[in-house]
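The values are calculated or read from the model by the stated rules, or taken from the named source; none is laboratory data. The shown structure was predicted, so the numbers you read here are calculated from the model rather than taken from an experiment. Positions of Cβ are backbone-derived with ideal geometry, glycine not excepted, and every protein chain shown enters the neighbour counts.
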């Protein structure tokens with residue numbers, strides 16, 4: 001193990017490189033979560049629709065994603081899709097992560113949508129609201145609020161999963177840490193440093209989710 | 001006296017859930033400004049009948065004629081029909097993420113598409129009517145059951161329906177809160193609102209009802225004006241039912 005003074009010196013000495021890497025990690029995470037929410041909502045709606053075939057499509061998507069390792073999905077998108085048309089590395093990684101997060105987010109949304117009392121939909125419909133309007137105005141806002149705690153969890157997983165983008169040579173946090181570590185024959189120090197960065201990012205993310213949860217909880221007070 | 005308009009006419013209505021035949025050849029009529037009380041023991045089909053009236057349950061066969069027009073979910077826009085048929089639920093079903101005011105203006109602004117300030121004006125008048133004008137900006141979770149149900153009534157009224165359906169509106173309430181909801185309903189009836197009420201409140205049915213419909217085992221066993229129904233029932237089943245409910 002490195003001494004504390006050595007760890008601290010290396011930490012402060014490498015901030016420039018790590019800040020850049022952290023920004024890339026954040027970009028990857030932000031894109032993959034935002035796109036993942038859109039994908040997730042889309043497949044959750046397919047799943048709860050009355051059309052069976054659409055439900056099956058959603059099932060297959062979730063099964064494929066949950067049934068294969070993320071690193072395999074990233075490689076398939078990186079090597080496979082890039083062979084068909086040119087996909088910038090960033091987008092190969094971001095889309096693979098989004099595609100992956102989307103399946104878990106779809107399951108979160110499906111669960112919370114189905115957890116809303118059916119009477120809410122009936123009340124909305126009895127007021128003359130079409131189903132799509134009732135979903136948008138009545139069901140989804142409530143489902144989204146209930147989804148926040150598990151979503152926050154998924155965001156944290158998504159943030160840490162972005163480290164796998166290192167394997168398609170994205171210079172995000174993990175990649176920078178291992179590269180610097182082996183270049184300086186000092187792996188452990190850099191791994192500890194990168195752990196600190198991840199901990200800080202997760203702390204910020206947790207704080208944001210908690211704030212958002214509190215803001216949406218007004219109606220319970 | 002001029003003849004009352006028929007708001008709802010039901011002919012030979014049948015409905016099954018799987019093997020369970022819950023509504024058997026129901027014939028019924030609701031006249032304008034009348035209060036029809038549907039009574040009967042649990043499982044007799046009265047709630048299902050009520051839910052068929054605004055198509056929350058799909059009938060198997062028979063006719064549902066509303067204001068002279070036969071309604072079929074396949075051919076008519078059910079949303080348009082539902083705008084004219086308000087419904088009040090046993091468990092209120094207020095939208096928990098919206099304030100009292102937002103609950104009431106939701107459908108008028110998004111379905112009837114009236115301007116928001118007009119909807120707010122109307123909502124405030126309705127809140128005065130149900131005696132909750134001081135709760136405008138409160139969330140439903142802060143209200144008692146009786147208050148929630150009165151907001152639910154105001155919400156249904158905001159669509160200016162021609163008829164209001166009540167599905168056991170006081171069954172989920174603490175006993176001391178039942179009165180305030182029944183009073184609101186009675187005032188509505190006095191204003192001339194057409195109402196169909198599924199209820200276990202015999203006192204309410206006797207006092208406010210214009211017509212009592214007694215159901216048993218999916219059939220309408222007896223229907224009569226309350227004076228006749230409660231003091232001089234014809235059917236054996238009705239006598240038994242009245243005897244058990246008066247024991248309370």
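A few comments on the model shown:
- Hits in the stretch A:65-83 (condition: without any contact (Cβ under 8 Å) to a residue 12 or more places away in the chain and over 24 Å from residue A:171 (Cα atoms)): A:67, A:68
- Taken over the stretch B:32-65, residues that are within 22 Å of residue B:230 (Cα to Cα) and assigned to a loop (DSSP other than H, G, I, E, B) amount to 8.
- Residues in the stretch A:80-123 that are in a helix (DSSP H, G or I), more than 20 Å from the chain's Cα centre (by Cα) and surrounded by fewer than 22 Cβ atoms within 10 Å (Cβ to Cβ): A:80, A:81, A:82, A:83, A:84, A:114, A:115, A:118, A:119, A:120, A:121, A:122.
- When residues of the stretch B:101-110 are limited to those that are facing chain A (nearest Cβ under 8 Å) and buried (at least 22 other Cβ atoms within 10 Å of the Cβ), the one nearest to residue B:50 (Cα to Cα): B:107
- Among the helices (runs of 4 or more DSSP H) confined to the stretch B:136-242, the ones with at least 3 residues that are without any contact (Cβ under 8 Å) to a residue 12 or more places away in the chain are located at B:175-190, B:226-231.
- Residue match in the stretch A:158-168 (condition: within 14 Å of chain B (Cβ to nearest Cβ) and either surrounded by 21 or more Cβ atoms within 10 Å (Cβ to Cβ) or assigned to a helix (DSSP H, G or I) (or both)): no
- Top-ranked residue of the stretch A:135-157 - restricted to ones that are within 9 Å of chain B (Cβ to nearest Cβ) and in contact with a helix residue (DSSP H, G or I) (Cβ under 8 Å, 6 or more places away or on another chain), ranked as surrounded by the most Cβ atoms within 10 Å (Cβ to Cβ): A:138
- From the options A:183, A:210, residue that is away from every other protein chain (no Cβ under 14 Å), out of contact with any strand residue (DSSP E or B) (no Cβ under 6 Å at 6 or more places or on another chain) and more than 22 Å from residue A:17 (Cβ to Cβ): A:210
- Flag if residue B:36 is modelled with pLDDT of 95 or more and buried (at least 22 other Cβ atoms within 10 Å of the Cβ): yes
- For residue B:123, the test of being more than 22 Å from the chain's Cα centre (by Cα), away from chain A (no Cβ under 11 Å), farther than 27 Å from residue B:39 by Cβ and modelled with pLDDT of 95 or more is failed.
- Some residue of the stretch B:126-133 being at pLDDT 95 or above, within 29 Å of residue B:58 (Cβ to Cβ) and not in a loop (DSSP other than H, G, I, E, B): no
- Some residue of the stretch B:77-100 being more than 14 Å from chain A (Cβ to nearest Cβ), modelled with pLDDT of 95 or more and within 29 Å of residue B:191 (Cβ to Cβ): no
- Residue check for residue A:203: in a helix (DSSP H, G or I), at pLDDT 95 or above and within 14 Å of another protein chain (Cβ to nearest Cβ): no
- Looking only at the stretch A:95-134, and only at residues there that are farther than 19 Å from residue A:35 by Cα and in contact (Cβ under 8 Å) with a residue 40 or more places away in the chain, the one that is farthest from the other protein chains (Cβ to nearest Cβ): A:114
- Residues that are closer than 22 Å to residue B:10 by Cβ and touching a strand residue (DSSP E or B) at 6+ places or on another chain (Cβ under 9 Å) occur at least once in the stretch B:151-158.
- When the test is whether a residue is at pLDDT 95 or above and either closer than 19 Å to residue A:191 by Cβ or part of a helix (DSSP H, G or I) (or both), residue A:17 does not pass it.
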